[in-house]
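The values are calculated or read from the model by the stated rules, or taken from the named source; none is laboratory data. What you are looking at is a predicted structure, and each value in this text was computed from that prediction instead of being measured. Virtual Cβ from ideal backbone geometry, glycine too; neighbours counted across all protein chains shown. Keep in mind that these areas ignore ligands, DNA and RNA; they rest on the heavy atoms of the full protein, side chains included. Shrake-Rupley method; radii C 1.70, N 1.55, O 1.52, S 1.80 Å.
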Amino acid sequence: MKRQELTVKTPRGCIMRTKAENGEMTAKFEWNPGFGPGMTTSLNAAQNFIDSEVLRLSSPYVPFQTGTLHDSGILGTVIGSGWVIWSAPYAAPQYYNTADSRSYDAQRGAHWFERMKADHGSQIIAGAKKIGGNR
């Protein structure tokens, strides 16, 4: 998946004029010129953090025999794209059609992302908010 950077664009400003009993009033509305680029930088940094943390924190939950399934997450993911993909051909059956734990390690098993998210989701969100400016 190709990385598509988030971009925040601000609208053009506008000028409003109105007439009142005592004369005419003019108001000019403008966006801070640094808002769009600053927000773009913050949001992209937050997305990079989320993608990296999902991979890092999911690692102990992914079934592990040879390491290929684990490594397919690293190889299948473009950090910052918003998509974390375990690309091994057998990733989907391992995720959806096997037990949630393994005899060699009770933490490793199916639904690894959902289980990781239950354990660490608030930590990821807090970090993304901190990086993204708590917006």
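How many Å³ per residue does the convex hull of the Cα positions in the chain occupy? Intermediate results must be reported in sequence, preceding the final value.
Details: hull volume 19.4 nm³, N = 135.
Looking at the chain, the number lands at 144 Å³ per residue.
Please work out the FRET efficiency for the pair residue 28 and residue 129, using the Cβ-Cβ distance as r and a Förster radius of 30 Å; give the result to the nearest 0.05. Could you put the intermediate results ahead of the total?
Details: r = 33 Å, r/R0 = 1.10.
It comes out at approximately 0.35.
Hey, what did the chain get for relative contact order, percent, Cα under 8 Å, at least 6 apart?
Values: 186 pairs, mean separation 33.6, N = 135.
For the chain, the relative contact order is 25 percent.
Would you kindly give the portion of the calculated P(r) for segment 1-74 that falls above 14 Å, as a percent of all Cα pairs? Intermediate results must be reported in sequence, preceding the final value.
Working: 2022 of 2701 pairs.
Percentage above 14 Å: 75.
As a test of the definition: which semi-axes, in Å, follow for segment 66-106 when you take the square root of five times each eigenvalue of its alpha carbon gyration tensor? Largest first, please.
Ellipsoid semi-axes (Å, largest first): 21, 11, 10.
Under 19 Å between alpha carbons, and skipping anything fewer than 8 positions from residue 117 in its own chain: which lysines qualify?
129, 130
On the Cα set of segment 69-135, report Rg and Dmax in Å, please.
In order Rg, Dmax, the Cα atoms of segment 69-135 give 14.1, 43 Å.
Determine the sum of side-chain charges near residue 31: Lys and Arg each +1, Asp and Glu each -1, restricted to other residues whose C-beta is under 10 angstrom from that of residue 31.
Working: positive: 9, 12; negative: 30.
Around residue 31, the surrounding residues sum to +1.
Just to confirm the filter: which trypsin sites (Lys or Arg not before Pro) across segment 6-59 are DSSP coil and have at most 12 other Cβ within 10 angstrom of their Cβ? Don't jump to the answer; show the numbers that get you there.
Working: sites: 9, 12, 17, 19, 28, 56; in loops: 9, 12.
Answer in residue order: 9, 12.
Of the chain, which part is the longest with no chymotrypsin sites (Phe, Trp or Tyr not before Pro) in a loop (DSSP not H, G, I, E, B) and with at most 16 other C-beta atoms within 10 angstrom?
Within the chain, the longest run free of exposed chymotrypsin sites (Phe, Trp or Tyr not before Pro) spans 32-63.
Suppose R0 equals 30 Å. What FRET efficiency, 1/(1 + (r/R0)^6) with r the Cβ-Cβ distance, do residue 5 and residue 104 give to the nearest 0.05?
Working from the Cβ atoms, E equals 0.15.
Can you give me the accessible area per residue for the chain, using a 1.4 Å probe, in Å²?
Result: 68 Å² per residue.
Taking DSSP loops as anything outside H, G, I, E and B, show the longest stretch in the chain free of GluC sites (Glu not before Pro) there with at most 12 other beta carbons within 10 Å. Walk me through the numbers on the way to the answer.
Values: sites that count: 5, 21, 30.
The reported range is 31-135.
Order the following by accessible area, largest value first: 85, 15, 124. Probe radius 1.4 Å; ligands, DNA and RNA are ignored. The partial results should precede the final answer.
On the way: 85 55, 15 100, 124 15 Å².
So, going from the largest accessible area down, we get 15, 85, 124.
Carbon and sulfur atoms: what percent of the 1.4 Å accessible area of the chain do they account for?
On the way: 5150 of 9220 Å².
Roughly 56 percent, rounded to a whole number.
Using only helices, what value at 222 nm comes out for the chain when you add -39,500 (n - 2.57) per DSSP H run of length 4 or more and divide by the total residues, to the nearest 500 deg cm²/dmol?
-14500 deg cm²/dmol
In nm, to one decimal, how far is the modelled label at residue 12 from the one at residue 65, with both set 7 Å along Cα→Cβ?
For residue 12 paired with residue 65, the spin-label model returns 6.2 nm.
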